Amino acid sequence: MLSIGNLSIISQLFAIFIAFLAPMANVIHVVVFLLIIDAITSIYYQMKLATKDVRGFFNSMMKAFKVVESGKLRKTLEKLFFYILILITFYVFDFFILKVIPVAENMISTFSITNIATVLIGIVEMTSIASNVSKITGNPIFNKIVSIFKRKAEQKMEIEE
């Protein structure tokens with residue numbers, strides 16, 4: 001039987017850290033999901049743009065795959081790393097300083113910096129996804145939804161000020 005006492009001190013600390021962050025698993029999964037969808041829609045749009053005037057299946061495929069660059073994928077990985085880092089930082093702040101459990105199912109209405117940051121990250125990524133889909137489909141409905149949302153958010157901010 002495996003127990004934490006049989007592990008090295010480094011493994012024990014890592015296990016404690018992972019157990020502490022376990023309640024954040026769903027939040028991290030949502031952020032990763034949104035980043036993956038954003039990357040897919042962005043790559044698809046760039047491929048579509050690159051092959052717009054190219055004739056022939058082979059030529060269009062070669063041109064489309066040249067769009068995928070390691071530098072662009074590295075930006076997505078950097079965003080993922082820093083999103084998760086900031087969410088963990090806010091989670092620790094909420095837990096130890098504000099004394100709230102930010103991602104508890106029964107405490108979702110509790111003020112939490114982690115919850116606010118998660119919502120803002122989600123809005124940014126969903127806006128980017130909607131913009132990409134709007135460009136891909138040529139249908140401005142997604143841009144209109146984003147502009148309506150922005151207008152409502154600005155009105156809400158004016159009322160609160």
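Quick notes on this one:
- Electrostatic dipole magnitude of segment 32-77 [Cβ: Lys, Arg +1; Asp, Glu -1; Cα centre; debye, to 20]: 140 debye
- For Lys66, the shell of other residues with beta-carbons less than 15 Å away shows a net charge of +2, using +1 for Lys and Arg and -1 for Asp and Glu.
- As a rough footprinting exposure proxy, the listed residues Met47, Met126, Met61 were ranked by other beta carbons within 10 Å of their own, and the order from fewest upward is Met61, Met126, Met47.
- Viscosity 1.306 mPa s, 10 °C: Kirkwood-radius Stokes-Einstein D of the chain over Cα pairs, µm²/s: 83 µm²/s
- Proximal lysines relative to Lys66, as straight alpha-carbon distance under 26 Å, when same-chain residues fewer than 8 apart are discounted: Lys48, Lys52, Lys75, Lys79, Lys135
- Look at Ser112, Ser70, Ser147 and count the other Cβ atoms within 10 Å of each Cβ; fewest to most, that gives Ser70, Ser147, Ser112.
- Charge sum, other residues only, whose C-beta stays under 13 Å from Ile43's C-beta, Lys/Arg counted +1 and Asp/Glu -1: +3
- Length-normalised contact order of segment 4-160 in % [C-alpha pairs under 8 Å, at least 6 apart]: 24 percent
Just so you know, all these numbers are worked out from the coordinates, no wet-lab data involved. From a predicted model like this one, the values you see are computed outputs, not experimental measurements. Virtual Cβ from ideal backbone geometry, glycine too; neighbours counted across all protein chains shown.
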